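The values are calculated or read from the model by the stated rules, or taken from the named source; none is laboratory data. Treat the numbers as computed from the prediction; the structure is a model and nothing was measured. Here Cβ is always computed from backbone atoms with ideal geometry, including for glycine, and neighbour counts include all displayed protein chains.
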Amino acid sequence: MSDLNLIGPNSTPETEDLSVKSPLMGSVKLSDVVNRSMVLRSMNGIASWMKAASESTDMRGKMHRMAVYDYCGNVNWMYPNSNTAESISAWLDLSEALNRPAYIQKAIEYAIALIDDNKGLYSGPEKDAHGMMWYWTDAGVYSSLYSMRVPAQFIRLYKYTGDERLLNALGPLGETLLTNQLSNGLVGSGWSPTNGWCESGSRIGSRFVYVVATYATLYQHSQDNRYREAYERAIGALLKMQRADGSFYQHYDLSNLEMSVTDCSTKCMFFAYILNAIAEAYAVFEDERLLNCARRLGNFITRLYYCRGALPYCIGDKLLVSDQPEANMSMYECANGLLWLYGKVPDERFKDIGLRLWITAWLNQAEVTENPDLNGAILVGSDPMVKKKDKAIPSNRMHLAYDPSRAAKCVLWGMVNHTSSCKRLLDSKSILNEKSEHSTGTLLARG
């Protein structure tokens, strides 16, 4: 039986070799189902929804972060000032894939709004926060996590436009991330005009390892060795935070990067941030430490998926009350990271789970062309076990609790990650079986 094991009889999850095809998987069935037509159809839906998310606000260059739908298809748009820098990349991906140059202008408007609006990238009197990106409209917090994801998107857009404002914004942002790098290698979670960097509190989220990618990107752009040194400190944090099984806790104590005493859960939603960061940093340094970290995380995800038949939003014995409304939600955002990982490590399981997550999003994507606010939305329902009467749910999460009139929600960050995975599928020469273009795949085409 040992030749059927995913790892050898003397291996451990920390040392397993995932550089060869998994003997248990054989061929990946979804490679014969998912095809370019399906991917392009999905991207058309994404473009439709993102246009609606833009047109639903009267602020130029802004988009709502979330749409909540009732059973009649009516929509409640939420958080027009919550910024997601990857929206720039999503517009560019849609423009390239669908041959629609007008979407480049959407990306430009979004980026310039971030630069010009103080509820974009901070440029006020407090110089130690310059470049921090506004996030929570209800709390007045500038988030370092959202700032970390700006440089790669601005640099990509600059190659289209030559607009120097994009590059000029990177200097203050980078200096802030250098100045405020913690001794543990990461950056505090947030800054506010009221509390300064004390807004970070006493713990840090695992998704803040994204700064590994930011330092790598800024080093590649500037060749400033300070970013190279900061990257080394940050990758030390990344590797320390990874658990023996390859996963990451949701929160860590700032002082020692051990599990936070206030939260021992594992938030699988955050794995998408981590994989995206590793992919961005690896494009700069091709650091084997990054690839090994991604392999171990990918191995955890595949084992969890094969056990559950889905990738849950959050797992653990003691979930935070704020996570309970979404804890059992099936995630799809890691598809992009796993498909990237398969391109580096030809383990069939990574392709298999990447495609399963992709098709989860595709199957839950609405096609209602007569309702532009709904068309293209990737829909996620609510847990009927989590009631609004639970007063322990924070007020800014109460809209996620079960409401009999509420049908589903759609979130911008999920949409931009699905866009990335779509573009990765289109660009890949080793994932889709193009022979199926006019056979099996078309049988599943909707409409």
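At-a-glance table
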quantity	calculated
Members of the stretch 52-74 that are within 24 Å of Arg100 (Cβ to Cβ) and either buried (at least 19 other Cβ atoms within 10 Å of the Cβ) or in contact with a strand residue (DSSP E or B) (Cβ under 6 Å, 6 or more places away or on another chain) (or both)	Ala52, Ala53, Ser54, Ser56, Gly61, Lys62, Met63, His64, Arg65, Ala67
Only one of Ser189, Ser183, Ser200, Ser206 that is crowded, with 18+ Cβ neighbours inside 10 Å and out of contact with any helix residue (DSSP H, G or I) (no Cβ under 7 Å at 6 or more places or on another chain)	Ser200
Thr57 vs. criteria at pLDDT 90 or above, assigned to a loop (DSSP other than H, G, I, E, B), of a type in the set (Ser, Thr, Tyr) and more than 20 Å from the chain's Cα centre (by Cα)	yes
Candidate set: the stretch 251-276, residues that are touching a residue at least 12 places away in the same chain (Cβ under 8 Å), among the charged types (D, E, K, R) and assigned to a loop (DSSP other than H, G, I, E, B); chosen: the one surrounded by the most Cβ atoms within 10 Å (Cβ to Cβ)	Lys267
Of all residues in the stretch 286-330 being farther than 13 Å from Phe270 by Cα and of a type in the set (Val, Ile, Thr), the one that is farthest from the chain's Cα centre (by Cα)	Val321
Matching entry among Ile104, Ile46 (being surrounded by fewer than 19 Cβ atoms within 10 Å (Cβ to Cβ) and either modelled with pLDDT of 95 or more or assigned to a strand (DSSP E or B) (or both))	Ile104
Residue in the stretch 219-256 that is modelled with the lowest pLDDT, counting only those that are of a type in the set (D, E, K, R) and closer than 14 Å to Phe208 by Cα	Asp253
Hits in the stretch 116-146 (condition: crowded, with 18+ Cβ neighbours inside 10 Å and among the hydrophobic types (A, V, I, L, M, F, W, C))	Leu121, Ala129, Met132, Met133, Trp134, Val141, Leu145
Matching option when the condition is of a type outside the set (Asp, Glu), at negative phi and more than 19 Å from the chain's Cα centre (by Cα), among Tyr158, Tyr135, Tyr146	Tyr158
Subset of the stretch 253-280 [of a type in the set (A, V, I, L, M) and either more than 30 Å from His221 (Cα to Cα) or under 11 Å from the mean Cα position of the chain (by Cα) (or both)]	Met259, Val261, Met269, Ala272, Ile274, Leu275, Ala277
Count of the stretch 330-377 residues which are within 21 Å of Trp49 (Cα to Cα), outside any helix (DSSP H, G or I) and of a type in the set (A, V, I, L, M, F, W, C)	6
Lone unmet requirement of (1) touching a residue at least 40 places away in the same chain (Cβ under 8 Å); (2) of a type outside the set (Phe, Trp, Tyr); (3) out of contact with any Asp or Glu (no Cβ under 6 Å at 6 or more places or on another chain) for Arg228	(1)
Residues located in the stretch 228-252, provided they are of a type in the set (A, V, I, L, M) and more than 21 Å from the chain's Cα centre (by Cα)	Ala230, Ala244
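Quick grid of which residues meet (1) over 29 Å from His418 (Cβ atoms); (2) among the aliphatic types (A, V, I, L, M):
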position	(1), (2)
Ser222	yes, no
Arg228	yes, no
Ala234	no, yes
Lys240	yes, no
Gln250	no, no
Leu257	yes, yes
Ser265	no, no
Tyr282	no, no
Arg289	no, no
